[in-house]
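Accompanying notes for the structure given below.
Values quoted throughout were computed directly from the atomic coordinates according to the rules given, and no laboratory measurement underlies them. Since the structure is predicted, the reported quantities are computational estimates derived from the model, not experimental observations. All Cβ positions, glycine included, derive from the backbone under ideal geometry; neighbour counts span all protein chains shown.
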Amino acid sequence: MKTIVISGGTDGIGRALAIQQIKAGNTVVVIGRSPAKAQALTDEAARLGAADRLHLFTADLSLVADNRRVIEEIGTRFDRVDALVLCAAFLRMDRVETSEGIEHWFALFYLSRYLLSHGLAPLMTDAPAPVVVNLAVIGAGAKAMNWDDLMFTRNASWTKAWAQARRANELLGIDFTENVSAGRIRYAFVNPEFVKSSFAGKFSAPVRFLVKLAGVLAKPVEKGILPVVALIESPPQELLSSFRGAKRVPLEVSAADREDAERMRRETKSLLND
């Protein structure tokens, strides 16, 4: 039996994966923000006769303090983590800072994933086949990083913030496999493509309409989680890999990418005062 940690596991793809993993007989640790959605997942686990294998942690993952609290609580309650699936998401078109003064896209889509992967890595190194699965659409390119103003305090744009978060996650994967994984923890990016699940976010009416319209052609969430399930069951041989759905896509790491990954690590540590 494996222990699977899922961020954003009370809704959408994360919830579907949590239920699938419970059915597969694994212990599932879910981190989510909504108490109501957490209760609904608890009720579903009870209906399946597996309430004892579901463990819920309520947290706002856009906050550094909540990430650190959850990491500490998981470390207290579990001796080992076999897989960490990062899929917490909340899309927004306006620029918002968290109560800690961090731009929301950067905080939720990058910083939380940095904290969880680094913080839970010590629990993963002794697992038989440990893997981090990051549901991120990478490939934004080096120019996506706004190094002089990572929080977009000037010339804010949600499209630029999103592109930077994509690139920052790519740099996170590069740095993690080279400096944190101890040559054991696999790190896989998965673009699940468009699936029929709730699309958490704050959008304008026209954008919400387009999202709803596109959902008509989207694949069922039960199908969308299959590539993630496969990676949990059998992680890739390579330390770092990337997939679009179930299809592997090339991920070449250049010397410039490694330099950017090192810079991203320094910037992040400085921001966190680590």
(message) Under the rule of at least 5 residues apart or a separate chain, name every residue whose amide H is placed under 5 Å from the amide H of Val132.
(response) Leu84, Arg186, Tyr187, Ala188
(message) Quick check for you: which residues of the stretch 1-31 have the amide N under 16 Å from the point 7 Å beyond the Cα of Asp79 toward its beta carbon?
(response) 1-4, 27
(message) Give the aspartates and glutamates reachable from Lys219 as a straight Cα distance under 15 Å; neighbours fewer than 8 places away on the same chain don't count.
(response) Glu193
(message) Which order do the peptides 248-259, 74-85 come out in when sorted by mean C-beta neighbours inside 10 angstrom, highest first?
(response) 74-85, 248-259
(request) Per DSSP H run of at least 4 residues, take -39500 (n - 2.57); add these up for the chain, divide by its residues and hand me the 222 nm value, nearest 500 deg cm²/dmol. (result) -13000 deg cm²/dmol
(request) Report, for the stretch 3-272, the % of DSSP beta bridges that are antiparallel, rounded to 5. (result) 10
(message) Tell me the volume per residue, in Å³, of the convex hull enclosing the alpha carbons of the stretch 3-272.
(response) 127
(request) Report the paramagnetic label zone for Leu272: residues of the stretch 236-254 whose backbone N is under 20 Å from a point 7 Å from Cα along the Cα-to-Cβ axis. (result) 240
(message) Suppose every Lys and Arg Cβ carries +1 and every Asp and Glu Cβ carries -1, with no other charges. What dipole size does the chain come out with about its Cα centre, to the nearest 20 debye?
(response) 860
(request) Place the peptides 108-114, 119-125 in order of packing, highest mean first, counting for every residue the other Cβ atoms within 10 Å and averaging per peptide. (result) 108-114, 119-125
(message) Under 8 Å for C-alpha pairs, at least 6 residues apart: give me the relative contact order for the chain, rounded to a whole percent.
(response) 18
(message) For a quick check: sort Glu262, Glu72 by the number of other beta carbons within 10 angstrom, fewest at the front.
(response) Glu72, Glu262
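Could you order the peptides 160-172, 2-14 from most to least packed, using the average number of other C-beta atoms within 10 Å per residue?
Ranked from most to least packed, the peptides come out as 2-14, 160-172.
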(message) Under 18 Å from a point placed 7 Å out from the Cα of Arg92 along the Cα-to-Cβ direction: which residues of the stretch 154-172 have their backbone N that close?
(response) 154-166
(message) If you average 1/r across every pair of different Cα atoms in the stretch 131-174 and take the reciprocal, what Kirkwood value do you get, in Å?
(response) 10.9
